[in-house]
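The values are calculated or read from the model by the stated rules, or taken from the named source; none is laboratory data. Everything numeric in this text was worked out from a predicted model, so none of it was measured. Cβ sites come from the backbone with ideal geometry, for glycine too, and all protein chains shown count toward neighbours.
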Amino acid sequence: MTYSEKITEAANIIDTQCGKAEIGLILGSGLSESVSLDREKTLPFSSIPNFPISTVSGHKNEWVGGTLFDKKICMMRGRFHFYEGYTPKDLIMPIYIMKMLGVKILIVTNAAGGVNETFVPGNLMLIRDHINFVGVNPLVGENMDAFGTRFPDMTQAYDAQLGDLAHCIAAEHHLDLKDGTYLWLSGPSYETPAEIRMTRLLGADAVGMSTVPEVIAARHCGLRVLGLSCITNMAAGISQKPLQHEEVLATGQKSLAQFSLLIREIIHHL
């Protein structure tokens, strides 16, 4: 079975079980409970043919369809990662499925380590740009012409109008929304202090182990993208505490209320 056929088979099952959508949402580590939908229909990742499954705590492995403010939404409670052994093509399969379901706007979220020393754990950051520092691109290989061009433009990987909308909503609700550049590293080990100093020199404000492949695929198939990071810890060398995944999940839980408010209001105003 070809990659395109695998995507089509998975999309057909999801369409039958959860329906089509106009907005797609990916919820990162510790953020799976930040958004609930009306008339939810839930499908475990394990019930979707050809679909990977996350092995990481904090990811619920659920595809959810429903509505919010009368808009059709599809939502992933959890995602999979390069460090789990999945290929770059595996990582982006959900994006092409969303495209086949009718999605036009993708809201992608993650838990990230703060590199910008003005940040504190619990801050929310609007992703204005990203740096792919893993050295792999999920579009390598035969281009799927039905989805997009061989050489997609990444000048505005993150939609400026959607970003401005997020800031307007944050200001209205007195939320401190930072701006920044997200840098993708493979993990699963956390970065060393020297690596964090390097990322700061490169212009990163936050680092993480996801998101970038999904955004590349989203732009390839013409989706508008809004990216949001929850700064769950300060990166190595900034904080002297040992970095632990449990801290990421705990801080994500503490930020759920403001994170949920921001996402819901963004969807309301789309």
Query raised in the report: For the subset of the range 86-119 comprising residues that are farther than 19 Å from LEU185 by Cα and hydroxyl-bearing (Ser, Thr, Tyr), which member is surrounded by the most Cβ atoms within 10 Å (Cβ to Cβ)?
Result: TYR96
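Listed here are the residues, each with its yes/no results for (1) touching an Asp or Glu at 6+ places or on another chain (Cβ under 9 Å); (2) buried (at least 17 other Cβ atoms within 10 Å of the Cβ); (3) more than 19 Å from ILE266 (Cβ to Cβ).
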| site | (1), (2), (3) |
| --- | --- |
| GLY135 | no, no, yes |
| PRO138 | yes, yes, yes |
| GLY141 | no, no, yes |
| PHE151 | no, no, yes |
| TYR158 | yes, yes, no |
| ALA171 | no, no, no |
| HIS174 | no, no, no |
| TYR182 | yes, yes, no |
Query raised in the report: Which condition does PRO121 not pass, out of (1) more than 18 Å from MET209 (Cβ to Cβ); (2) modelled with pLDDT under 95; (3) touching a helix residue (DSSP H, G or I) at 6+ places or on another chain (Cβ under 6 Å), if it passes all the others?
Result: (1)
Report task. State whether the residues of the range 249-256 include one that is assigned to a helix (DSSP H, G or I), at negative phi, hydroxyl-bearing (Ser, Thr, Tyr) and modelled with pLDDT of 90 or more. Result -> no
Query raised in the report: Here is a list of conditions, (1) small (Gly, Ala, Ser); (2) over 16 Å from MET125 (Cβ atoms); (3) modelled with pLDDT under 95, and ALA235 meets all of them except one; can you say which number that is?
Result: (2)
Requested in this report: Examine the range 61-68 for a residue that is over 19 Å from GLY222 (Cβ atoms), at pLDDT below 95, of a type outside the set (Val, Ile, Thr) and in contact with an Asp or Glu (Cβ under 9 Å, 6 or more places away or on another chain), and state whether such a residue exists.
Outcome: no
Query - Odd one out for TYR83, checked against (1) surrounded by 19 or more Cβ atoms within 10 Å (Cβ to Cβ); (2) closer than 29 Å to LEU43 by Cα; (3) of a type in the set (Ser, Thr, Tyr) - result: (1)
Query raised in the report: Taking the stated definitions as given, is GLY122 more than 15 Å from the chain's Cα centre (by Cα) and at positive phi?
Result: yes
Query raised in the report: What about VAL108, is it hydrophobic (A, V, I, L, M, F, W, C), within 17 Å of MET209 (Cα to Cα) and in contact with a strand residue (DSSP E or B) (Cβ under 6 Å, 6 or more places away or on another chain)?
Result: yes
